[in-house]
Amino acid sequence: MNVSNLSISEISNLYKNKELKPSEVYEEVFTNASLSESIIHAHLKLFQDEATEASKLSDERYEKGNPLSDIDGIPIAIKDNINLKNHETTCSSKMLSNYVSPYDATVIKKLRNNGVIFTGKTNLDEFAMGSSTENSAFGPTKNPWNPEHVPGGSSGGSAAVVSVGSAVASLGSDTGGSIRQPASFCGVVGFKPTYGTVSRYGLVAFASSLDQIGPITNSVEDAKILYNSIKGHDPLDATSIKESLVEIPTDKNAKVGVVKELMEEGISDESRKEVEKTIKLLKENGNKVVEVSLPLTKMALSIYYLIAPAECSANLSRFDGVRYGIREAGSTSYEMMENTRAEGFGEEVKKRILLGTYALSAGYYDAYYGQALKARSAITKDFENIFKEVDYLISPTTPTPAFKFGEKTENPLEMYMSDLCTIPANLAGIPAISIPTGLSKQDMPLSIQLMSPARTDSSLLEFSESIEKLLSFNQRTSLLEDMK
Amino acid sequence: MKKDIDIKSVAKLAAINLTETDEKKFEKDLNIILEHVDALSKMNIEDEEINIHPLGEILNLREDVSSEFLTHDEAMSNSPETEDGHFVVPPSLD
């Protein structure tokens, strides 16, 4: 059986009907990982022994008719910036290369209680800073559709493993597009929930007011199942929100706005055409689609590249060679810290810490960080106003399909531009999803992004499911078949 | 607003030891980024509020009561150097 083509609910039903066992599914995804890793390097660690054991325990639960949940026995990979007890959490950084987590993140605790099988930890740009996994201290991940291309980032490993079938689903984190952009580049679904709906406890913080954990999956339905398993208020995360679900139309009465500014300059024809194709399908379905303007989205990149580095410089100050991570010698404490941070952090991380330190330093704080926070409020208001007119917003997820290695490493702004369409949702704290739509001329995946008002995650997922059906794109990478 | 960045003093504040090659590269890259973000200084947003939580929520602090999380040993388990339950660091003064 090829489980890569099955949804979580299909696998779960086969388990319940005793037509398939969790250990069989795990064996298949592990075989896929063993075959593909030498080419794509998506995992930093595979938990073979532990996962085999967990799958057998899951077998027994189904045998007795007592599964822990509908996702009991589903193999799931975890981005290596999320803490899993007694396993390394390296954040793809030399700084944390020896760090072993003494605790589970809240999302891990929830999944563990639901009986999922943790397959391993996946590669990322160091401390989730990047859009291609080229910033991983342990080498980049390759795109399963064509290894000459990047898988996107920062959750490139998490997107690649789902795309190639070495896990049924995965968790990523999204600060400026780090779930949606790699999902788009690898031809899978990536969902960034409303800020605060999923606990960040145990996620290594990059930019605390923007970071959000979310699922990367083969289908919208799978994303919905995984999201429902990890969401919920958590007293251990002060920014976590108490659920107050808001419902908006999800049928043909749903009104969709096309963001004018995200269809113009900097967006490739191929990316734009996927949105136009989807608009046509929506109109045929009876949905009203109108063009809307969000002029401040043009400022989103500037706002983001002040807020994210500022928060990053504060968050990463904890890596000082004292409590965890590597240590380099120094004759004083400060010298030891300076040497440790010089040795432990990679170039992009240093760059963002320096930028954030500058933006927060005396004399510049109000002009840079303060101004960026005010601009963020302005952009959030723009979204609130536009959502009085339409229920959903549509745009490309990325300005182009997956680019090649080395293509955007010279000028920092070129790489940052690949998050042009995804950053606004992080600034406004709203939910957003990337849905695969088709292939480019070079046979690389293309996608669209849908955004909706804060707290309408369930409606967004339901509406996305219907769009996914209208698009009926379900092509997978042939990497494994080509290898066999 | 934009002023050329004094990379040496910023690196000192950030506690990152930079080589001369690093300094040149970062100074160049940071100036490119600062030039781009300078667009914000022209926005007329003086009256906008500043929200720490993106949804404007009040941060919910849990009750200040002790409970079982990490043991002392677990909390110290990743430290490069400890002694008798304390973190050990080089002297703070020259």
Quick calc, A:T52 & A:E19: beta-carbon distance into FRET formula, R0 22 Å, rounding 0.05, result 0.60
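What 222 nm value per residue comes from the helices of chain A, counting each DSSP H run with n ≥ 4 as -39,500 (n - 2.57) and dividing by all residues, nearest 500 deg cm²/dmol? Kindly include the intermediate steps, with their values, before the conclusion.
Numbers: 16 runs with 184 residues, N = 484.
Computed mean residue ellipticity for chain A: -11500 deg cm²/dmol.
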From the Cα centre of region A:174-238 to that of region B:41-59, the distance in Å is 24
Within the under-14-Å Cβ sphere about A:T119, not counting A:T119, Lys/Arg +1 and Asp/Glu -1 give a net charge of -3
1/(1 + (r/R0)^6) with r = Cβ-Cβ of B:E46 and A:A362, R0 = 22 Å, i.e. FRET efficiency to nearest 0.05, evaluates to 0.55
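Between A:H233 and A:N146, what's the calculated FRET efficiency when r is the beta-carbon distance and R0 is 45 Å? Round to 0.05. Provide the component values of the computation, followed by the final result.
On the way: r = 42 Å, r/R0 = 0.93.
The formula returns an efficiency of 0.60 here.
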The distance between the Cα centres of region A:354-380 and region A:424-484, in whole Å, is 33
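Only sites in a loop by DSSP and with at most 10 other Cβ atoms within 10 Å count here; which GluC sites (Glu not before Pro) in region A:57-122 make the cut?
Numbers: sites: A:E60, A:E63, A:E88; in loops: none.
Here no loop site has a sparse enough neighbourhood.
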Output for region A:182-271: GluC sites (Glu not before Pro) sitting in coil per DSSP, at most 14 other Cβ within 10 Å, listed by number, reads A:E243, A:E247, A:E264, A:E265
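So what's the net charge close to A:S377: Lys and Arg +1, Asp and Glu -1, counting the other residues with Cβ under 13 Å from its Cβ?
Numbers: positive: A:K374, A:R376, A:K381; negative: A:D382, A:E384, B:E46, B:D47, B:E48, B:E49.
Result for the neighbourhood of A:S377: -3.
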In the protein assembly as shown the DSSP beta bridges are antiparallel at a rate, in percent to nearest 5, of 65
Place a point 7 Å from the Cα of A:K441 in the direction of its beta carbon; the residues of region A:268-305 whose amide N falls under 19 Å from it are A:268-277
Here the residues of region A:178-211 lying in the modelled label zone of B:S67, meaning backbone nitrogen under 16 Å from a point 7 Å along Cα-to-Cβ, are A:199-202
With label points set 7 Å from each Cα along the Cα-to-Cβ direction at A:Q475 and A:S38, the distance between them in nm comes to 2.8
Here, A:E243 and B:K25, labelled 7 Å along Cα→Cβ, have an inter-label distance in nm of 4.7
Here the gain from full extension of A:R272 to A:F405, 0.36 nm per residue of separation minus their alpha-carbon distance, amounts to 45.6 nm
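Test of the criteria: in region A:220-321, which chymotrypsin sites (Phe, Trp or Tyr not before Pro) are in a DSSP loop and have at most 14 other Cβ atoms within 10 angstrom of their Cβ? It would help to have the intermediate numbers written out before the result.
Numbers: sites: A:Y227, A:Y304, A:Y305, A:F319; in loops: A:F319.
Here no chymotrypsin sites (Phe, Trp or Tyr not before Pro) fit, given the DSSP loop and packing criteria.
State, as an integer percentage, the relative contact order of chain A based on alpha-carbon contacts under 8 Å between residues 6 or more apart.
Working: 1133 pairs, mean separation 84.4, N = 484.
Rounded, it is 17 percent for chain A.
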The rounded separation in angstrom of the Cα centers of region A:103-162 and region A:240-255 is 29
Once the in-chain neighbours fewer than 8 apart are removed, the lysines whose Cα is under 24 Å from A:K388 read A:K192, A:K242, A:K252, A:K255, A:K260, A:K280, A:K283, A:K288, A:K298, A:K374
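Give, as a single signed number, the net charge of other residues whose beta carbon lies under 9 Å from the beta carbon of A:L316, with Lys and Arg counted +1 and Asp and Glu -1.
Result for the local shell: +3.
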If the chain between A:E389 and A:N253 were fully extended at 0.36 nm per residue, the gain over the current Cα-Cα distance would be 47.7 nm
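Read the figures in this text as sums done on the coordinates, not as results from a lab. Computed from a predicted structure; not experimentally measured. Positions of Cβ are backbone-derived with ideal geometry, glycine not excepted, and every protein chain shown enters the neighbour counts.
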